[in-house]
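To start, the structure under review is shown below, and the notes come after it.
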Amino acid sequence: MTAPASSLRPAAPDSTVNSLGFAKPPAQTRVVVAMSGGVDSSVVAAMLAAQGYDVIGVTLQLYDHGAALAKKGACCAGQDIHDARRVAERIGFPHYVLDYENKFRESVIEEFADAYLAGATPVPCIRCNERVKFRDLLQTARELDADCMATGHYIRRFDGAKGAELHMAADPARDQSYFLFSTTQEQLDFLRFPLGGLASKAETRALAAQYGLSVADKPDSQDICFVPDGNYASVIEKLRPGSADPGEIVDMDGNVLGTHRGVIHYTIGQRRGLGIGGLGDPLYVVRLEPETRRVVVGPKQALATKIVPVTEVNWLGDAPFEGEIAITARIRSTRPPRPAILRVTGERRAEVELLAPEEGVSPGQACVFYATEGSRVLGGGWISHRRGG
């Protein structure tokens, strides 16, 4: 059984190069597949095994099973580990479970809590890819003498004139480039994304059914994996007791409009749940001030901004990271890239000027850079604070 051509590497002039880009037979090419227990990574493992690759499946135990078992659809929970193991047994390749709970807590969960306390809106899935899956797990793959590591992410990797390039997925509805902007060039050289060229998620599920996988109809994971019911605030309160102290809701002139039940319950751009109705025009959260425990609200137009300062920039472009660079920028995973100018202000710092104002730019979110034409991902950075304009 073979996978559709759209999921494979484009044919190379040299016929000795296999679908993963190595000049040797698949049987001599070892691939570690990061398996979450979901349909995507399971299909990747089954597909590569069917093509004759030397596949090793690895699943990370990231947090306490007892809490995870109560929630369906969470990545790397107890049931998901069981599902990954079943796929490996069904197809017939080795599968290992690695205990990464301490690393995950230190690298992802602790920062998540601290970011919320600082008034930011973090994206822990990006940090997990950056600090756990593509750093620690990738190193484990190298120690297993793997030629590469494959994942079920919907993103594409092409061999360019100056090395491996990162590109958006063929299916815009499934594209995960926003969550993978911090992938370094060295990591990209080692990674493979076999699903990036598929036309739709339906194609993935069809493959799962063809391979006889029990997860073919398994729902996609929802929310953040370590947040049992989508209630971020309750998790933060457990990690940081006292973090939900009440405070004032004020307008942009400092006038007190009401009280709130803790800054951690609010995000930039939020309109509902403020508890200050009857004031005429709708009000939105425009700023969080954790040091004074104030939630600042204002009219919708106060959310608009054109200048986005970013730090910890990961640059994947061919041109040097300097001067001014025309790009398109995405400031939320749910929004399309918009025309912008990238101005480099330091070694890993920049300022992104959006050509048209965007609403809801939030510290702690990612700003991802794309080429002005085509699908190439040029990197990105973390929004450090918000400026109007």
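The values are calculated or read from the model by the stated rules, or taken from the named source; none is laboratory data. All figures in this text were calculated on a predicted structure; none of them were measured in a lab. As a convention, Cβ positions derive from the backbone with ideal geometry for all residues, glycine included, and neighbour counts pool all protein chains shown. SASA here: full protein model, heavy atoms, side chains in, ligands and nucleic acids out. Shrake-Rupley method; radii C 1.70, N 1.55, O 1.52, S 1.80 Å.
Overview of values
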read-out	value
Scan of segment 116-163 for residues that are of a type in the set (Ser, Thr, Tyr) and within 30 Å of GLY242 (Cβ to Cβ), ordered by number	TYR116, THR121
Options VAL285, VAL256, VAL235: the member that is surrounded by 16 or more Cβ atoms within 10 Å (Cβ to Cβ) and in contact with a strand residue (DSSP E or B) (Cβ under 9 Å, 6 or more places away or on another chain)	VAL285
Some residue of segment 115-129 being open to solvent by 40 Å² or more (accessible area, probe 1.4 Å) and free of Cβ contacts under 8 Å to residues at least 40 places away in the same chain	no
Which numbered condition VAL263 fails, given (1) farther than 28 Å from ASP136 by Cβ; (2) in contact with an Asp or Glu (Cβ under 7 Å, 6 or more places away or on another chain); (3) surrounded by 19 or more Cβ atoms within 10 Å (Cβ to Cβ)	(2)
Selection count where residues are farther than 22 Å from VAL123 by Cα, in a strand (DSSP E or B), out of contact with any Phe, Trp or Tyr (no Cβ under 8 Å at 6 or more places or on another chain) and not basic (Lys, Arg), scope segment 255-295	4
Within segment 324-380, tally of residues that are open to solvent by 30 Å² or more (accessible area, probe 1.4 Å), among the acidic types (Asp, Glu) and either in a loop (DSSP other than H, G, I, E, B) or at pLDDT below 95 (or both)	3
Single residue of segment 296-317 satisfying the filter (part of a loop (DSSP other than H, G, I, E, B) and at pLDDT below 95) that is least open to solvent (accessible area, probe 1.4 Å)	ALA304
Residues of segment 30-46 satisfying the condition of being open to solvent by less than 10 Å² (accessible area, probe 1.4 Å) and modelled with pLDDT under 95	GLY37
Restricting segment 31-57 to residues that are of a type outside the set (A, V, I, L, M) and part of a helix (DSSP H, G or I), the residue that is farthest from VAL87 (Cα to Cα)	ASP40
Selection from segment 205-215 of residues that are in contact with a helix residue (DSSP H, G or I) (Cβ under 7 Å, 6 or more places away or on another chain) and part of a helix (DSSP H, G or I)	ARG205, LEU207, ALA208
Close pairs (6 angstrom Cβ cut-off, 6 or more residues apart or separate chains): closer than 21 Å to VAL55 by Cα in segment 146-164, among the basic types (Lys, Arg) anywhere	ALA146/ARG30; ASP147/ARG30; CYS148/ARG192; ALA150/ARG192; TYR154/ARG174
Single match in THR334, THR311, THR292, THR328 (criterion: more than 20 Å from the chain's Cα centre (by Cα) and either in contact (Cβ under 8 Å) with a residue 12 or more places away in the chain or over 30 Å from ASP159 (Cβ atoms) (or both))	THR292
